[in-house]
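Read the figures in this text as sums done on the coordinates, not as results from a lab. Keep in mind that what you see is a predicted model, and the values were worked out from it rather than measured. Cβ placement follows ideal geometry from the backbone for every residue including glycine, while neighbour counts extend to all protein chains displayed.
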Amino acid sequence: MGTYSIKDIIQSTDRHKLYILMCRQGELMDCISWLQSQKIHAINMGKELAEFIDGLEDYSYLSIDVFDYVKKTMDKHKAKINNIGNTVVAIYNLGILFEPAVELNTAQLLKDFSKTAALIIIWENQTENSGRLHWSTQQNNVFLDFTETQFKKLQYAI
């Protein structure tokens with residue numbers, strides 16, 4: 001896993017433009033502030049999705065509704081940092097995407113999105129060199145598997 005800069009992200013021609021910004025516990029707000037200073041919008045996916053689901057009147061098509069909402073939300077917030085290069089968006093607080101009721105293939109959704117825009121996942125938990133992101137208490141049960149795509153580590157300084 002290499003280390004990349006914001007400049008690398010906007011100039012990337014890779015098929016999957018999937019980046020991970022690793023944050024230590026307690027540094028999340030600093031990471032978000034740093035991204036915002038770089039003109040990158042960071043979406044609190046847990047909050048956004050919880051509000052969306054709370055507003056639904058019918059849960060018959062919850063999986064489809066959530067899938068569409070996540071894609072639309074990321075599309076809505078992606079932006080160019082300058083006038084050239086890739087559009088970029090960052091997301092964090094992804095736990096809700098793993099709720100059994102929403103029935104999402106979260107890793108596939110994020111990989112597919114990263115084909116059309118650079119996607120930065122702000123991650124406060126753990127990672128493996130093999131390409132898996134997981135929570136320390138759920139290492140073998142709940143994780144994002146990017147072993148086939150291989151995410152890139154975003155370098156930053158706070």
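Subtract the Cα-Cα distance of GLN36 and GLN108 from 0.36 nm times their separation in residues, and report this length gain in nm to one decimal. Intermediate results must be reported in sequence, preceding the final value.
Details: separation 72, 0.36 × 72 = 25.92 nm, distance 2.61 nm.
Gain on extension, GLN36 to GLN108, equals 23.3 nm.
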Original post:
What full-extension length gain, to one decimal in nm, is calculated for ILE64 and ARG24 as 0.36 nm per residue of separation minus the Cα-Cα distance?
Top reply: 11.1 nm
Original post:
Label-point separation (nm) for THR13 and ASN83, each offset 7 Å from Cα along Cα-to-Cβ?
Top reply: 2.2
Original post:
Straight-line reach from LYS76: which lysines have Cα under 17 Å away, leaving out those fewer than 8 places along the same chain?
Top reply: LYS39, LYS47, LYS115
